[in-house]
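Encoded as structure tokens, the structure appears first; notes follow it.
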Amino acid sequence: MQIIYHEQSRTFHLRNSVTSYIFRIIDPGYPVHLYYGKAIHDREDFDHLLEAAPRPMSVLIADDGSELSLEHLKLEYPVYGTGDMRPPALDIRASNGSRLLDLRYESHRITEGKPGIPGLPAVYCDDSSEAMTLQIRLKDAKTGLAVILNYTVTEYAPAMMRSAEIINEGTQEIVLEHAMSLSLDLPDRDYDMIMLTGAWARERSVKRNPLHEGAQSISSMRGFSSPHFNPFIALCRKNCTETEGEVTGLSFVYSGNFLAEAYCDTYDTVRLRMGIHPDTFKWHLAPQASFHTPEAVLAYSCTGLNGMSQIFHKLYAERLVRGYWRGRPRPVLLNNWEATYFDFDEAKLLGIAAEAKKLGIELFVMDDGWFTNRRNDRSGLGDWEYDPERFPYGLGHYTEAIRDMGMMAGIWIEPEMVSPGTKIFREHPDWVIHEEGRPMHPGRHEYVLNFADPDVVQYIFEKLDRLLSEGGFDYVKWDMNRSMSDVFAASLPHQDELMHRYILGVYSLYERLIRKYPKTLFESCASGGGRFDPGMLYYAPQCWTSDDTDAYERQKIQYGTSMVYPVSSMGSHVSAVPNHQLGRTVSLKTRAETAYFGTFGYEMDVSKMTEDEKEQTRRHIAFMKANRQLLQFGTFWRLKSPFESNETVWMTVSEDKTEAVVAYYRCLQQINRGFRRIRLAGLDPDRLYHVSELEIDVYGDELMHTGLILSDGSGGERVSGTDFLSRLYMLRAVS
Ligand code: DGJ
């Protein structure tokens, strides 16, 4: 990993073993992009890459015969108004109403390591030798606005991080109308765009469409990243598959409103932009104040989508997730939500817990309903006092009983929301996001607290601090169940800042709690996987992947989620059948073999299981415990997509390549099918592996090139059985 500066040509070359990122400063001081892609040789200048053909009707930088136009150069951080006609990265309004900016290079700094971003989640390094950072300082002479562009390149997981700091060094207020984290101009548009779309209970389906002229974008304006569009896009070449071809992924380390866009001009170039959604954002920058954009992460791979995903997985599992739970196998948990919903008390929970313990469960989680006035989802959020009717001896008594059984204790909260009728709602109506004199629009019968107000965050912190210290909880599920509407807070002078300030408030509460309770495991949740984004992973190492617990649907959801997020971050549970969301019945074996590829747990009343089911469950939990290091922290490969066929195949390989587990899932059974084999990936070609189920010893290169035989060769299936079948193949190196 290197950041090279060629002084004569004013060229920067940022490099790791996989990629090169090259740009230069051209007169009169504009940073112009030259190349991003597979690592290439360095040279004194790359000026031959400056495509500057004169084009009629273009606005020129100067009338000096050079014919250079900002519209046709590839720009590092484009602004509105000085000749570039594409969507800008930065758009401002000065005190005289002008939107014009002329940002010119002033200086740069190259340092080891990577600075954090104040108040925001960001990739970090353990040791400054893991990363190098380039900071380019630009300035607009007229307004005094300075911009620092941050570029960090890492070798650890070969990615690049970009963000910007915008500083008002002038004497008048400046309003930021757009402040993107990243803008990247690419020289052609022969790409497909991949995105992860969905809705409640069907999060992160993989969608792939060819780029076309004009803008194509995904976004959220709901106040959170949303299950509808995940803050991620990738541009891949037409021939790119899971294991071959070129792809560039962009992921946004932020949990609020976002925009991710590919804009193709009519000269066949493409501009990628990623940042806070400009339609719900403005920022008033007083003299001497500065604004930090969130961070965008670029991951380039020329070995297909798996290559890109594996960069994100490593980076996010090891350099975004922090603290005690980083790299630590996750406890097998039981959550009582689908077991009881709101109908529980201490005695009932302890009954289920006793049975759970016998099966091998390590963490017992009490979900929604433990607090006063919470018999259903219409009331109770905000006061965070336990319900004495359900817990006659107090919460401490309950958690002690769980501990005495030899398990950890977990609790559910939804700290950002409030129900009408609660003490906090009555005493502090002004703490609820709404505009006086207009109707308030409920979502799941609840309203949003103004986390942009530090007093609100302080109040909730005190409540939760008491809860966690008195209850002694080892795990917290932090839920969030509605989109934001009625976006107004009388206490705030600038309403356009509310949604970003809200997310900063959420982050600040998380930060205070994780600092005070560093060993507590946080799991984020938003009606399932509605806020499954990198920003959350900085605070909560795992996220409830979806409220849909049906195993077949989960194969799709986990497949899509794995495009960016590591297996260790995906909350995945075995639930009862018929499944509560879809009414589908899938075998206990397939349910477990799907949930293994995640944090693993149960979401059902295990005391109602038959003896045979309990016996199977004991074996499943023992299997997970024996293999969770491999399953949660091995290198994950997607091999066959449920979005494209009747089958799903994925596998995980240990770091030293001595072990692997391949999971095969078949949706519907078919009669007299053709032959089936699947090429594996990531194995050591020279090692001999014993393959369970087939009970044969085969070399890694055979498994990766001839493939793993799934059919028995006689038209029937080795993997016999009926619909929603699964099979695990365990691979152990024998030489
Ligand atoms: C939505 C979550 O996704 C569920 O798992 C559960 O915690 C409910 N909320 C509780 O209200």
Kindly report the accessible area of the chain per residue (heavy atoms of protein chains, probe 1.4 Å, no ligands, DNA or RNA), in Å².
36
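Beyond 36 Å, what percent of the Cα pairs of segment 323-633 remain?
In whole percent, the long-distance tail amounts to 16.
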With N residues in the chain, Rg(alpha-carbon) / (2.2 N^0.38 Å) equals 0.99
Given a 1.4 Å probe and every protein chain left where it sits, what share in percent of the accessible area of the chain is carbon and sulfur?
49
Please report the spacing between the Cα centers of segment 85-100 and segment 127-188 in Å, no decimals.
17
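Calculated from DSSP H runs of 4 or more alone, at -39500 (n - 2.57) each and per residue, what is the 222 nm mean residue ellipticity of the chain, nearest 500?
Value at 222 nm, helices only, nearest 500: -6000 deg cm²/dmol.
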Mind ranking 393-399, 129-135 by how tightly packed they are, going by the mean number of other C-beta atoms within 10 angstrom, highest first?
129-135, 393-399
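Mind putting a number on the dipole of the chain about its Cα centre? Charges go on the C-beta only, +1 for Lys and Arg and -1 for Asp and Glu, and I need it in Debye to the nearest 20.
For this selection, approximately 1120 debye.
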Greater than 26 Å apart at Cα, pairs in 114/314; 114/207; 357/519; 282/463; 519/614; 477/519
114/207; 282/463; 519/614
So what's the gap between the Cα centers of segment 410-452 and segment 1-22, to the nearest angstrom?
50
Restricting to DSSP loop positions (anything but H, G, I, E, B) with no more than 16 other Cβ atoms inside 10 Å of their own Cβ, which GluC sites (Glu not before Pro) remain in segment 558-653?
644
Calculate the FRET efficiency for residue 215 and residue 350 from the Cβ-Cβ distance with a Förster distance of 35 Å, rounded to the nearest 0.05.
0.05
For the residue pair residue 326 and residue 519, what label-to-label distance in nm results when each label sits 7 Å from Cα along the Cα-to-beta-carbon direction?
1.9
Return the unpartnered cysteines for the chain, using a Cβ-Cβ cut-off of under 4.7 Å.
125, 264, 302, 525, 543, 667
What share of the DSSP beta bridges in segment 383-496 is antiparallel, in percent to the nearest 5?
50
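The values are calculated or read from the model by the stated rules, or taken from the named source; none is laboratory data. Just so it is clear, the structure is predicted and the values come from calculations on it, not from any experiment. Neighbour counts are summed over all protein chains in view; Cβ atoms, including those assigned to glycine, are modelled from backbone coordinates with ideal geometry. Keep in mind that these areas ignore ligands, DNA and RNA; they rest on the heavy atoms of the full protein, side chains included. Shrake-Rupley method; radii C 1.70, N 1.55, O 1.52, S 1.80 Å.
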